[in-house]
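Heads up, the thing below is written out as structure tokens.
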């Protein structure tokens, strides 16, 4: 599937770039009527959305194998929160971060985990079009049901947004399913989140109530420096 998706992405992406380039050239024509300029800009914006959809599809099917190492989840979140501050200000969303100190490390890929958290933050912001509060908490938690024993970390993200219906909850992690308006989402964000969580031997669940908001619970096993974890590191780096 990955190879077929790559070829499809190339077949779609190349003409998209060509069309977009010619539209930009036409827009530079000083003889265009304002009405025609407006129509071309609409076409250009829709091409950009289509290009984003292709890129998201490629990232979903071709995401590189995680490079696992011991890392601090709080540090990953703190960096992402700092980078996301302009978004919170622009959306009139207040951030409440409660990151528990002295948490054990996890075995993870910082880039993949940033993608996971960024997708969840983006969804939360989209769910609060009139502003609100996003609360991010970390703590040491209990092992999820049917999971290995030992120490686990829990990351909880709660928004005060529009919430998700019971029917949508059943499909929320399915690829290409979205509750957003047509053209505003690819339906891959949460599917990518679930894929990343599985790569990290973790769990992701959610609770939501229409009109009150949603909470996503992420559970990740702590890095115990045992033979299994060391083997996982060697395997992710291509070793034996």
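Answer yes if at least one residue in the stretch 128-151 is touching a helix residue (DSSP H, G or I) at 6+ places or on another chain (Cβ under 8 Å) and either over 22 Å from residue 76 (Cβ atoms) or at pLDDT below 95 (or both), and no otherwise. Scanning the stretch 128-151, I find no residue that is touching a helix residue (DSSP H, G or I) at 6+ places or on another chain (Cβ under 8 Å) and either over 22 Å from residue 76 (Cβ atoms) or at pLDDT below 95 (or both), so the answer is no. For residue 213, are the conditions met, namely being within 15 Å of residue 124 (Cα to Cα), at pLDDT 95 or above and assigned by TED's automatic domain parsing to the domain that holds residue 151? Yes. For the stretch 93-106, residues that are more than 22 Å from residue 141 (Cα to Cα) and not in a strand (DSSP E or B) total 0. The residue that is nearest to residue 198 (Cα to Cα), counting only those in the stretch 75-91 that are modelled with pLDDT of 95 or more and surrounded by fewer than 18 Cβ atoms within 10 Å (Cβ to Cβ), is 75.
Pairing each residue of the stretch 75-92 that is outside any helix (DSSP H, G or I) with any residue that is surrounded by fewer than 16 Cβ atoms within 10 Å (Cβ to Cβ) and at pLDDT 90 or above, provided the two are 6+ apart or on different chains, yields C-beta distances under 6 Å for 92/131.
Checking residue 148 against (1) in contact (Cβ under 8 Å) with a residue 60 or more places away in the chain; (2) part of a helix (DSSP H, G or I), only one condition comes out false. Which one? With (1) in contact (Cβ under 8 Å) with a residue 60 or more places away in the chain; (2) part of a helix (DSSP H, G or I) applied to residue 148, the lone miss is (2).
The values are calculated or read from the model by the stated rules, or taken from the named source; none is laboratory data. Predicted model, so just to flag it, every value in this text is computed and none were measured. So basically every Cβ, Gly included, is an ideal-geometry build from the backbone, and we count neighbours across all protein chains shown.
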